[in-house]
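The structure appears below as structure tokens.
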Amino acid sequence: MSKLVSDTAMVMAAGMGKRMRPLTATQPKPMVRVAGKPLIDHTLDRIAEAGIAKAVVNVHYLADAIEAHVRNRKAPSITISDERDGLLETGGGMIRAQPHLPDPFFCLNSDNIWLDGPRNAFHELSARWDPAEMDALLLVVPHSRAMNFGGKGDFHLDPLGRIRRRQSGRIAPYIYTGIQIVSHRLLRDAPAGKFSTNVLWNRALDEGKLFALPFTGLWFEVGTPDAIRPTELALTSG
């Protein structure tokens, strides 16, 4: 099995979870239970299983609930990146957490559920990572492996894995899973305050430094309450 490129993963857990309402009226989305455990535990369990020792979890909406919950975990070791003073979105969240993040680091959403294919997702990404040519490496999945997903997709890939965005009104073959490896080069000269990672990705795209790797397992979109039951049925059936 390939060596992991980082011992740390950032877990994005600060969002408002509006699409998951009404379940998020009284709890943050990462605490919504799927198949018997909170979404964030699905993510943190996979991080621990891969051998990643540390996780940096950002918090904003109903932050106390997430912080109290993850404090009880033995693995991975948790550091909180506090955004109680204002939600910073994905890009700003990484900048706030950067002092706690080695170069490079894994970054993933707190609502990710996936089943690995022949290889562990983090090890697949690590085997493909090339620090000389990449500012970020995204894990993407074809529509056939994206459960509960009804969108048009996000990206096209060339034979080397370089990314091109979906054109408006078209369909793209690959969907971003919410999992990536990030170099600190991606974060350089970042805007102040609240901004999306797309700002940094766009620059990396222009520079030929944004790559993607197709995932060989199954990925579950769990964005709305309607997606919970189908996901639970798929997970329990194996």
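Bear in mind these aren't lab numbers, they're just calculated from the coordinates by the rules spelled out. Owing to the predicted nature of the structure, the values given are computational and were not obtained by experimental measurement. In this analysis, Cβ positions are derived from the backbone assuming ideal geometry, glycine residues included, and neighbour counts consider all displayed protein chains.
Does the stretch 5-32 hold any residues that are of a type in the set (A, V, I, L, M) and without any contact (Cβ under 8 Å) to a residue 12 or more places away in the chain, and which are they?
Residue satisfying the conditions is Ala25 alone.
Could you identify the single residue in Ile171, Ile175 that is of a type in the set (A, V, I, L, M), touching a residue at least 40 places away in the same chain (Cβ under 8 Å) and not in a helix (DSSP H, G or I)?
Ile175
Return the residues of the stretch 153-168 that are in a loop (DSSP other than H, G, I, E, B), over 19 Å from the mean Cα position of the chain (by Cα) and closer than 27 Å to Phe220 by Cβ; say none if nothing qualifies.
As a first pass, look at the stretch 153-168 and keep what is in a loop (DSSP other than H, G, I, E, B): 153-154, 158-161, 166-168.
From what's left, over 19 Å from the mean Cα position of the chain (by Cα): 158-160, 166-168.
Arg166, Gln167, Ser168 - these are the residues of the stretch 153-168 that are in a loop (DSSP other than H, G, I, E, B), over 19 Å from the mean Cα position of the chain (by Cα) and closer than 27 Å to Phe220 by Cβ.
Can you give me the number of residues within the stretch 78-137 that are among the charged types (D, E, K, R), more than 12 Å from the chain's Cα centre (by Cα) and in a loop (DSSP other than H, G, I, E, B)?
9
Residue-wise test of (1) free of Cβ contacts under 8 Å to residues at least 12 places away in the same chain; (2) in a helix (DSSP H, G or I); (3) surrounded by 22 or more Cβ atoms within 10 Å (Cβ to Cβ); (4) over 18 Å from the mean Cα position of the chain (by Cα).
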{"residue": "Ile181", "(1), (2), (3), (4)": "no, no, yes, no"}
{"residue": "Ala190", "(1), (2), (3), (4)": "no, no, no, yes"}
{"residue": "Val222", "(1), (2), (3), (4)": "no, no, yes, no"}
{"residue": "Ala234", "(1), (2), (3), (4)": "no, yes, no, yes"}
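Looking at the stretch 117-138, which of its residues are touching a strand residue (DSSP E or B) at 6+ places or on another chain (Cβ under 7 Å), of a type in the set (A, V, I, L, M, F, W, C) and either without any contact (Cβ under 8 Å) to a residue 24 or more places away in the chain or farther than 15 Å from Lys209 by Cα (or both)?
Ala121, Phe122, Leu125
Could you please find all residues in the stretch 15-59 being small (Gly, Ala, Ser) and over 20 Å from Ala234 (Cα atoms)?
Within the stretch 15-59, Gly15, Gly17, Ala25, Ala48, Ala50, Gly51, Ala53, Ala55 meet the criteria.
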